[in-house]
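Heads up, the thing below is written out as structure tokens.
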Amino acid sequence: MKVKGRNVLLTIMTLCLSLLFLFTVQPTHHTVYAADDSLQKIKDRGKIVMATSPDYPPYEFQVSKNGKSRIVGMDVDIMKQVAKDLGVKLEIKSMSYDSVLVAVETGKADVAMSGINPTAKRRQSVDFSEIYYNGGQSFLINKTDVGKYKNKAALAHKKIGAQTGTLQYNLAKSKIPGATVKGMDKNTDLVLALKTHKIDALGIETPSAEAYVKNDHDLAMIKSGYKLNKNETGSAMAFKKGSGTLAAAVNKSIDKIKAKHLTTQYLADAGKYMKVNTNNTSMFHYWTYFAKGIEYTLIISAISVVLGVLLGTILALMRFSRSKILKAISVAYVEFVRGTPLMVQVMFVYFGIGIIVNLPALLSGIIAVSLNSGAYVEEIIRGGINSVDKGQTEASASLGLAKGDTMRFVVLPQALKNIWPALGNEFVSLIKESSIVSIIGVTDLIYQLNIVRADTYRGVMPVFVAMIIYFVITFILTRVLNYAEGRMKHAR
Amino acid sequence: MQDKPLVEVKKLKKSYGDTEVLKEINGTVMPGQVICVIGPSGAGKSTFLRCLNMLETPTAGQVLFEGKDTQKFSEEELTTLRERMGMVFQSFNLFPNLTVLENLKLAPIRVKKMSDKDAEEKALALLKRVGLDEKANVYPSSLSGGQAQRVAIARALAMDPECLLFDEPTSALDPEMVGEVLAVMKELAEDGMTMVVVTHEMGFAREVANEVWFMADGYLLEKNKPDEIFSNPQNARTKDFISKIINS
Ligand SMILES: Nc1ncnc2c1ncn2[C@@H]1O[C@H](COP(=O)(O)OP(=O)(O)OP(=O)(O)O)[C@@H](O)[C@H]1O
Ligand SMILES: [Mg+2]
């Protein structure tokens, strides 16, 4: 018993150590050996990859035209110009705002551009271009409060909302006396909080504030009145550390854009898209978004459940094998996966493994969810196998059947009856839990839902629609599984 | 009867953790012999039987099959041992996911590499022999206890064993079904099958067995011809046990 326990511990420790190794050794390796080939690499590739979180109009947001959705906005137009100047193509990778900087640090993207403020803290981990736009800071408030909150001073001791991890968040914290600052991931959620009076004002960039006010007649805006260092409040593009040549080339383009005052035109264009967008904010108008979300959610769940069952079966067989090493690996794997959140696993596969091989977001999502599901499926299969009467194995052995044959012809078919319902539950929860892949920009239902919210300036309705869709999917699936289970019982 | 023993048990011991279930067992099974093992519950009869075909590994001592130590058997030799030494369980242990016919065919096809056609032919012949050929295509759950046990015997026979181990084959049966199973076993004995039978059926032991072994507390306390052991038991524990059984 003791020896076995130690084996497991050893395996877990080895696993942890190798993870640590991955994280600590890799970056130093880069800083020490990598010469600055950042620009050359892009030119060789003929393509520049931009990471962005398209839920921030007018900087970047999604529009759909003729059933096809694409990312537009001022940032995109600027980046197109940059790509043109560099003589390369532009590829846009969308992901959550939290992930865009990680994406350049890990080489998933060449440039992060998402209305990012180049704060001193951020400068420690990435390089920035010069400021390409300075929109200034504002507050969104409810129109009914216009008389009440005339300026920043009136907001003292009030509840201020801001996107977590943004400049607005830090400013509200440090510059408004006595304010309670409430952070959320998405501006759409914050706007909803404002409209439902959970917060009194929302710190936001002026162009975004203008967009909201234009599209939502219940909202108004006031100037922030912060006295700020220009270098920290404008928006800049982020690159991986040590990308001097790339930054220099990009800065040249930015200078050109500034000289020609192109941003004015870009903002006007973005405004036009937003006009188109808000003509019809009914959920039916956005059915293609939801349809695409359903498609991806189903693709991820279906593939992951198949891979998860495969992996789970292998792990279960390892668990029942005579080899102590295989057994220990299986135990350690299951313990480790069950002991860490799926969200962390998804980010690890996309960003962590991404350092070694560049996996696309969808593939990363599928891999992470499959790896996760495998551990749970192993538990289910093991339970099913253990529930088969020991007499069955003995009878099979007494006939001379090999262990493998006993599993295949006697134990597993009987175990399946117990495994099936639990596996069905796993499938259902997989559909729900796979929603976490939206953080790395996989366009699943949750991701699409957030796009629709940003697009329509409607906070609740898209959530409600998504909820119904999830329910319908899982409800239908449960019926199908129950039907199959019933059929299986009749066969015996 | 040949004079080389089929199975020899020498100073066999078996413990589970601290509990010593078999303390010392010595015995010899000659080809063609029918041996009935009797004794009170918990004596270690099942454990002893399971040590014979290595479903349990002895803690000490030896089980020799045709003179060879079964504990030193390779994986293949173990398979051969089990092919040649079938087992019938108290609770039948038919595979509920397979039809009766498939229950019989599985081992010949997978272990003996018999063709499907040959296996089927053989299975049907064996089912006929135990009087159940019309049940070939049903699932075990629809069989009565007596039928299930006869199928289990046929399944063991499908491997052409030279020796069969029975662990209380009739204890789980309703009384009216005991007879049909014993009849099949008796027929097997008459055909010269070597058998080790753990049983409480004293009538069967008296009529069919060549030897009766009495076990208690992990020891083999007495071995003798059935007439001798029933009419004139030597050991006090044997005397006690037999008088109880006969009077009940
Ligand atoms: N796997 C096991 N682990 C621990 N103890 C066991 C195990 N198998 C059997 N025993 C114990 O060994 C003793 C003998 O068991 P065994 O089944 O061999 O007796 P038996 O003579 O066949 O009895 P019965 O007539 O009740 O079948 C019992 O006390 C039982 O509890
Ligand atoms: Mg027993």
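The values are calculated or read from the model by the stated rules, or taken from the named source; none is laboratory data. Everything numeric in this text was worked out from a predicted model, so none of it was measured. Glycine gets a Cβ as well: all are built from the backbone with ideal geometry, and neighbour counts include every protein chain shown.
Summary of computed values
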item: Filter pass, B:Ser141 being surrounded by fewer than 24 Cβ atoms within 10 Å (Cβ to Cβ), assigned to a helix (DSSP H, G or I), among the hydroxyl-bearing types (Ser, Thr, Tyr) and at the interface with chain A (Cβ under 9 Å from one of its Cβ atoms); result: yes
item: Test: residue in region B:218-226 that is within 16 Å of ligand 2 (Cβ to nearest atom), touching a residue at least 24 places away in the same chain (Cβ under 8 Å), surrounded by 19 or more Cβ atoms within 10 Å (Cβ to Cβ) and under 14 Å from the mean Cα position of the chain (by Cα); result: no
item: One residue from B:Phe48, B:Phe92 being modelled with pLDDT of 90 or more, crowded, with 22+ Cβ neighbours inside 10 Å and either away from ligand 2 (no atom under 16 Å from the Cβ) or under 23 Å from B:Leu106 (Cα atoms) (or both); result: B:Phe92
item: Residue identified as of a type in the set (A, V, I, L, M), out of contact with any Phe, Trp or Tyr (no Cβ under 6 Å at 6 or more places or on another chain) and within 14 Å of chain A (Cβ to nearest Cβ) among B:Leu127, B:Leu164; result: B:Leu164
item: Residues of region A:333-354 classified as of a type in the set (Gly, Ala, Ser) and surrounded by fewer than 20 Cβ atoms within 10 Å (Cβ to Cβ), total; result: 2
item: Whichever residue in region A:152-199 is modelled with pLDDT under 85 and of a type in the set (Val, Ile, Thr) and, among such residues, is nearest to A:Asn215 (Cα to Cα); result: A:Thr188
item: Lone unmet requirement of (1) among the aliphatic types (A, V, I, L, M); (2) within 16 Å of ligand 2 (Cβ to nearest atom); (3) surrounded by fewer than 21 Cβ atoms within 10 Å (Cβ to Cβ); (4) more than 14 Å from chain A (Cβ to nearest Cβ) for B:Met215; result: (3)
item: Condition check for B:Glu75: among the charged types (D, E, K, R), within 16 Å of ligand 1 (Cβ to nearest atom) and farther than 25 Å from B:Glu180 by Cα; result: no
item: Filter result (outside any strand (DSSP E or B), of a type in the set (A, V, I, L, M) and within 16 Å of ligand 1 (Cβ to nearest atom)) within region B:148-176; result: B:Ala172, B:Leu173
item: Sole residue being among the hydroxyl-bearing types (Ser, Thr, Tyr) and touching an Asp or Glu at 6+ places or on another chain (Cβ under 8 Å), chosen from A:Thr206, A:Thr188; result: A:Thr188
item: Among (1) out of contact with any helix residue (DSSP H, G or I) (no Cβ under 6 Å at 6 or more places or on another chain); (2) surrounded by fewer than 17 Cβ atoms within 10 Å (Cβ to Cβ); (3) within 25 Å of B:Ala205 (Cβ to Cβ), the one test that B:Ala60 misses; result: (3)
item: Filtered residues of region A:135-152 (kept if assigned to a loop (DSSP other than H, G, I, E, B) and surrounded by fewer than 17 Cβ atoms within 10 Å (Cβ to Cβ)); result: A:Gly136, A:Val146, A:Gly147, A:Lys148, A:Lys150, A:Asn151
item: Extreme residue, nearest to ligand 1 (Cβ to nearest atom), among residues of region B:195-207 that are touching a strand residue (DSSP E or B) at 6+ places or on another chain (Cβ under 6 Å) and more than 18 Å from B:Val130 (Cα to Cα); result: B:Val198
item: Those residues of region B:14-59 which are farther than 17 Å from B:Asp217 by Cα and away from ligand 1 (no atom under 16 Å from the Cβ), in sequence order; result: B:Thr28, B:Val29, B:Met30, B:Pro31, B:Gly32, B:Gln33, B:Val34
item: Test: residue in region A:178-187 that is surrounded by 24 or more Cβ atoms within 10 Å (Cβ to Cβ) and under 21 Å from the mean Cα position of the chain (by Cα); result: yes
item: Single residue of B:Arg129, B:Arg110, B:Arg150 found to be within 18 Å of the chain's Cα centre (by Cα) and more than 16 Å from ligand 2 (Cβ to nearest atom); result: B:Arg150
item: So B:Val178, is it within 16 Å of ligand 2 (Cβ to nearest atom) and at pLDDT 90 or above; result: no
item: Condition met for B:Leu104 (more than 17 Å from the chain's Cα centre (by Cα), modelled with pLDDT of 95 or more, of a type in the set (A, V, I, L, M) and more than 16 Å from ligand 1 (Cβ to nearest atom)); result: yes
item: Scope region B:1-20; condition more than 16 Å from B:Phe48 (Cβ to Cβ), of a type outside the set (A, V, I, L, M, F, W, C), touching a residue at least 12 places away in the same chain (Cβ under 8 Å) and loosely packed, with under 15 Cβ neighbours inside 10 Å; matching residues; result: B:Gln2, B:Asp3, B:Lys4
item: From the options B:Gly131, B:Gly192, B:Gly145, residue that is in contact (Cβ under 8 Å) with a residue 60 or more places away in the chain and more than 16 Å from ligand 1 (Cβ to nearest atom); result: B:Gly192
item: Test result for B:Ala156, surrounded by 15 or more Cβ atoms within 10 Å (Cβ to Cβ), out of contact with any Asp or Glu (no Cβ under 9 Å at 6 or more places or on another chain), within 14 Å of another protein chain (Cβ to nearest Cβ) and among the small types (Gly, Ala, Ser); result: yes
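To keep it simple, each residue is scored yes or no on (1) of a type in the set (Lys, Arg); (2) in contact (Cβ under 8 Å) with a residue 12 or more places away in the chain; (3) surrounded by fewer than 16 Cβ atoms within 10 Å (Cβ to Cβ).
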{"position": "A:Ile204", "(1), (2), (3)": "no, yes, no"}
{"position": "A:Ala211", "(1), (2), (3)": "no, yes, no"}
{"position": "A:Met221", "(1), (2), (3)": "no, yes, no"}
{"position": "A:Lys240", "(1), (2), (3)": "yes, yes, no"}
{"position": "A:Thr245", "(1), (2), (3)": "no, yes, no"}
{"position": "A:Ala249", "(1), (2), (3)": "no, yes, no"}
{"position": "A:Ile257", "(1), (2), (3)": "no, yes, no"}
{"position": "A:Ala268", "(1), (2), (3)": "no, no, yes"}
{"position": "A:Gly271", "(1), (2), (3)": "no, yes, no"}
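This table checks each residue for (1) of a type in the set (S, T, N, Q); (2) more than 26 Å from A:Leu412 (Cβ to Cβ).
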residue	(1), (2)
A:Ile325	no, no
A:Ala328	no, no
A:Glu335	no, no
A:Ile356	no, yes
A:Leu363	no, yes
A:Lys390	no, no
A:Thr393	yes, no
A:Leu399	no, no
